[in-house]
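Shown next, in structure tokens, is the structure this report addresses.
The values are calculated or read from the model by the stated rules, or taken from the named source; none is laboratory data. Keep in mind that what you see is a predicted model, and the values were worked out from it rather than measured. Cβ atoms come from the backbone with ideal geometry, glycine included; neighbour counts cover every protein chain shown.
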Amino acid sequence: MNEAELDIDLKELFFLSPKEVRLFRGLALALRERLKVEDPETMIVLVRAIYGLERLPYSTPGLDVALSTTYSDSQTISSTRFSLSESSLELQDGGAEIGPFGSDSFDRGSFQVETGGFRDGETEFVKDWIQSFVSELESPKTELETEDYEGKLDLSEPNPEIDWKAITAAIQAAEADDDEEDDEE
């Protein structure tokens, strides 16, 4: 069974588990709450991000947005970043500790997945990152910055139904093809 027989284009699919998709849908709900307090320009970026999150594990043609939070107190600066484009989804977490002689930066981790199969990171990081991001969004000390690279987003395309059996079969078939290519080399 190949990708064509399954009617799934792996180049339009993020390799996410059902649990990860549920976690990202939770992030979309949190962003909906944030819409109530933002200026119109930020609201547009949030709506675009929500639209892309709700389409997961499918990519959204023309989407290219990023959200960053920065939280700081007298000893720590914490920063999280979420970016979603038609070909990549990425989460980053880090910051800096401020001391008497300067600051030391730190990286708490990242998660990245691209359409077609590249993946770096674990589900547990996604869960922890989303909890941290939502918590920071609720704090009045947190600054939210948005970036919108203004692609031609096609809003007329309905959210696809998720057929996990077909997706799993397509991914397994692609991995089997990769294994066969490795064996030939």
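What the table shows:
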{"item": "Hits in region 102-137 (condition: among the acidic types (Asp, Glu) and farther than 17 Å from residue 27 by Cα)", "result": "104, 107, 114, 120"}
{"item": "Among the residues listed as 106, 101, 111, 125, the single one being farther than 18 Å from residue 32 by Cβ and crowded, with 18+ Cβ neighbours inside 10 Å", "result": "111"}
{"item": "Test for residue 104: is it touching a strand residue (DSSP E or B) at 6+ places or on another chain (Cβ under 9 Å), modelled with pLDDT under 85 and of a type in the set (Asp, Glu)", "result": "yes"}
{"item": "Selection status of residue 23, of a type in the set (A, V, I, L, M, F, W, C) and either surrounded by fewer than 16 Cβ atoms within 10 Å (Cβ to Cβ) or free of Cβ contacts under 8 Å to residues at least 12 places away in the same chain (or both)", "result": "no"}
{"item": "Any hit, region 66-78, residues being free of Cβ contacts under 8 Å to residues at least 60 places away in the same chain and farther than 18 Å from residue 129 by Cα", "result": "yes"}
